[in-house]
Amino acid sequence: MAARMARDQMTRKEIIKESRHWLDLISARKITRYQRRKIVRETIGNFDSYYNKGFLEYRKSMTEAGEFAAVEWTGRGSYFTDILGRRYLDCLGGYGIYSAGIRHPTVIKAVQHQLERMPLSSQELLDPLRGALGELLGEIAPGDLQKCFFISNGTDAVEGAMKLARLYTKKSGFISCLRGFHGKSYGSLSLMGKSEYRVDFEPLLQDVYFVPFGDATAVAMELEKAAAVGLDIAGVVVEPIQGEAGAIVPPDDYWPRLREICTRFNVLLIADEVQTGMGRTGKLFGVEHWDVVPDIMCLGKALGGGVMPLSAFISTPEIWGVLEGNPFIHSSTFGGNPLACAAGIAAIYVTFAEDLPGRAAKSGEYLMEKLREIQARHSDVLVEVRGKGLLIGLEFVTSEFGYSVAAGLFRRGVLVAGTLLNAKTLRVEPALNISKKEMNELLEKLDDTLDDLS
Ligand code: PLP
């Protein structure tokens, strides 16, 4: 390895000055135009030198003018505003975190109040909000799913689910789906259904077997094969609707058949609802479209109300028993902290009080119908409109064309983006309380963009 070069680093005084500069900006009531332009320059410079300049290149490719992305500053509901004051309709929803919209006042208030009382926990005493959120989740979860553990990211929820499945079944293998996405830490990455993200980190978990999504027979055949050669499978991990693959909806008999097959082969059915949960697809949980109760369910993204990072995995009292002998067998310093739990309690309140799943179902129907009308006018480039509720994918003829559409929409003040595993597909994942006027804005601007590109 080459010798590492010494570099000039900031002095103590400069560090204090730089951090004070940002603290002043964070708390500033008013920022001048000069300061705003300076923030853009500083942000680009910081990403370039200290974070990952790949993001700058990626965002550059997303704007036809080759400009860098807007520097985001604030937002409310379905809109966010960049530092230069440009307003964007958010149809990406932070990849699914903003189901309640940006800065929902109920969630913000809960977190602000909890911040004043106790932001993080001692880890030793009992934290009432952790218990309260556990109760609420246990009460809203399907069937006998009742006991849960809190962490911060979707990938943490999947890691926990995998450990729980191994612990309970005393088996080690998993079945996952091609083009499935479950996160990027080592366990969840082992389930990654697109090799591009996996190969550079191999060897990962060795006993993971991939089958096509939507094909229950393939799962049964894989389990039969595994049994024949003495491989032990602990669980089958599946998204109710594949999100990052581009909003792929399985056949209606898929989930009921998965349930029957997993029971028959005595393996756990693990539903990854990180993206589909909390109303996104028009039901509180995606599996409810097919009345299926999995053995373990993973939640994340919108669970924190779009304000705090929060995720969870939840299972039955019977399965959970294996974690109770030694409650430290799986732990997390920040998991289930009071701020995140306050946000989670508020998110559940808002989801129910505002009937976000019902609104997602209704708005999804409207949007999908109108999008299909646009597709009929642009069928040469817009190949498919699919999804459920407000998890919608627009598949274009090529990735390049998809990028051009995203760039065209961005220039018109609408944010959408491709999905991680399918670059031809743009995702439309707005707040579940998006208004008809806002949906019409998206539709008009999409139509205009496609007219322009045709
Ligand atoms: N599972 C699913 C279904 C996801 O869509 C994602 C993220 O997109 C994850 C897990 C990983 O979540 P995170 O990025 O919060 O780790």
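The values are calculated or read from the model by the stated rules, or taken from the named source; none is laboratory data. Worth saying up front: this structure is predicted, and the values here are computed from it rather than measured. Here the Cβ is made from the backbone with ideal geometry for all residues, glycine too, and neighbour counts use every protein chain on show. Protein only, heavy atoms only, side chains kept; ligands, DNA and RNA dropped before computing areas. Shrake-Rupley method; radii C 1.70, N 1.55, O 1.52, S 1.80 Å.
Summing +1 for each Lys or Arg and -1 for each Asp or Glu, what net charge is found among the other residues whose Cβ lies under 14 Å from the Cβ of S332? All intermediate terms of the calculation are to be shown ahead of the outcome.
Details: positive: R130, K163; negative: D127, D156, E159.
Value of the local net charge: -1.
May I ask you to derive the FRET efficiency for L120 and E224 from their Cβ-Cβ distance with R0 = 41 Å, giving the value to the nearest 0.05? Spell out each step's value before the answer.
Working: r = 48 Å, r/R0 = 1.18.
Computed FRET efficiency for L120 and E224 comes out at 0.25.
What residues qualify as long-range amide H neighbours of I102, i.e. H under 5 Å apart, gap of 5 or more or another chain, H built at 1.01 Å from N?
When sequence neighbours closer than 5 places are left aside, the close amide H contacts are G77, S78, Y79.
Between I97 and residues 5 or more places away or on another chain, which pairs have amide H atoms under 5 Å apart, with H built 1.01 Å from N, and which residues are they?
Residues meeting the criterion, in which the H sits 1.01 Å from N, do not exist here.
Taking the Cα centre of each part, how many Å lie between the range 173-227 and the range 115-166?
If you average the Cα positions of each part, the centres end up 26 Å apart.
Treating only the Cβ of Lys, Arg, Asp and Glu as charged (+1, +1, -1, -1), what charge dipole size does the chain show about its Cα centre? Round to the nearest 20 debye.
1800
List the relative contact order of the range 135-210 as a percent without decimals, with contacts defined as Cα pairs under 8 Å and 6+ residues apart.
Across the range 135-210, relative contact order equals 25 percent.
Quote the accessible area belonging to I26 in square angstrom, nearest 10, computed with a 1.4 Å probe and with ligands, DNA and RNA left uncounted.
130
³J(HN,Hα) across the range 243-253 via Karplus (A = 6.51, B = -1.76, C = 1.60, θ = phi - 60°), whole Hz, x for Gly/Pro?
Listing the rounded values in order: x, 5, 6, x, 6, 8, 9, x, x, 4, 8 Hz.
Can you give the helix-only mean residue ellipticity at 222 nm for the chain, where every DSSP H stretch with n ≥ 4 adds -39500 (n - 2.57) and the sum goes over all residues, rounded to the nearest 500 deg cm²/dmol?
Details: 15 runs with 197 residues, N = 454.
Using -39500 (n - 2.57) per qualifying helix, the result is -14000 deg cm²/dmol.
Hey, what did the range 78-186 get for relative contact order, percent, Cα under 8 Å, at least 6 apart? Write out the running numbers ahead of the final one.
On the way: 45 pairs, mean separation 14.4, N = 109.
Dividing the mean separation by the residue count of the range 78-186 yields 13 percent.
Could you tell me the center-to-center distance, by alpha carbons, between the range 330-346 and the range 405-454 in angstrom?
Using only Cα atoms, the two centres lie 33 Å from each other.
Grab the beta carbon distance between L84 and S172, set R0 = 60 Å, and tell me the FRET efficiency rounded to 0.05.
Working: r = 53 Å, r/R0 = 0.88.
Efficiency for this residue pair is about 0.70.
Might you tell me the accessible area per residue for the chain, computed with a 1.4 Å probe and given in Å²?
Working: 21940 Å² over 454 residues.
Solvent-accessible surface per residue comes out at 48 Å².
Which sequence of W22, W290, W73 reflects their accessible areas, 1.4 Å probe, from the largest down? Can you show the working numbers first?
Working: W22 65, W290 25, W73 105 Å².
Ranked from most to least accessible, the order is W73, W22, W290.
Could you work out the local net charge near K170, counting Lys and Arg as +1, Asp and Glu as -1, over the other residues with Cβ closer than 14 Å to its Cβ? Walk me through the numbers before you get to the answer.
Values: positive: K163, R166, K171; negative: D207, D232.
Result for the neighbourhood of K170: +1.
Only bridges with both residues in the range 105-353 count here: give the DSSP antiparallel percent, nearest 5.
On the way: 10 of 24 bridges.
Around 40 percent antiparallel, to the nearest 5.
Under a point-charge model restricted to the Cβ atoms of Lys and Arg (+1) and Asp and Glu (-1), what is the dipole moment magnitude of the range 105-353 relative to its Cα centre, in debye to the nearest 20?
Details: 19 positive and 28 negative charges, 61 e Å.
For this selection, approximately 300 debye.
Calculate how many DSSP beta bridges within the chain are antiparallel, expressed in % of all such bridges and rounded to the nearest 5.
Working: 31 of 47 bridges.
So the antiparallel bridges amount to about 65 percent of the total.
May I ask you to rank T263, T316 by accessible area, largest first, using a 1.4 Å probe over the protein chains only?
Descending order: T263, T316.
So which of K53/K184; K38/K60; K147/K388 end up more than 22 Å apart, counting from Cα to Cα?
From K53/K184; K38/K60; K147/K388, over 22 Å: K147/K388.
By average Cβ neighbour count within 10 Å, what is the ranking of 4-10, 148-154 from highest down? Can you show the working numbers first?
On the way: 4-10: 6.4, 148-154: 24.1.
In decreasing order of mean packing, 4-10, 148-154 become 148-154, 4-10.
Could you tell me the convex hull volume per residue, in Å³, taken over the Cα atoms of the range 105-353? Walk me through the numbers on the way to the answer.
Numbers: hull volume 30.5 nm³, N = 249.
Looking at the range 105-353, the number lands at 123 Å³ per residue.
From the phi of every residue in the range 187-204, what ³J(HN,Hα) in whole Hz does the Karplus formula 6.51 cos²θ - 1.76 cosθ + 1.60 yield, where θ is phi - 60° and glycine or proline is x?
Values, residue by residue: x, 5, 5, 5, 8, 4, x, 10, 5, 3, 7, 9, 4, 5, 10, 6, x, 9 Hz.
Mind ranking T281, T11 by accessible surface for me, highest first, 1.4 Å probe? If you can, show how the numbers build up before the last one.
Values: T281 5, T11 70 Å².
Reading off the accessible areas and sorting them downward yields T11, T281.
Given a Förster radius of 35 Å and the C-beta distance between E196 and S454 as r, what FRET efficiency does 1/(1 + (r/R0)^6) yield to the nearest 0.05? All intermediate terms of the calculation are to be shown ahead of the outcome.
On the way: r = 31 Å, r/R0 = 0.88.
According to the calculation, E is roughly 0.70.
For the chain, I need the span (max minus min coordinate) of the C-alpha atoms along each principal axis, in Å, sorted largest to smallest.
67, 59, 57
Quick one: pull the percent of accessible area on the chain belonging to carbon and sulfur, 1.4 Å probe, ligands and nucleic acids left out.
Working: 11790 of 21940 Å².
Within the chain, the accessible surface is 54 percent carbon and sulfur.
With an 8 Å Cα cut-off and a minimum separation of 6 or more residues, compute the relative contact order for the chain in percent. The partial results should precede the final answer.
Values: 865 pairs, mean separation 92.7, N = 454.
In percent, rounded to a whole number, it is 20.
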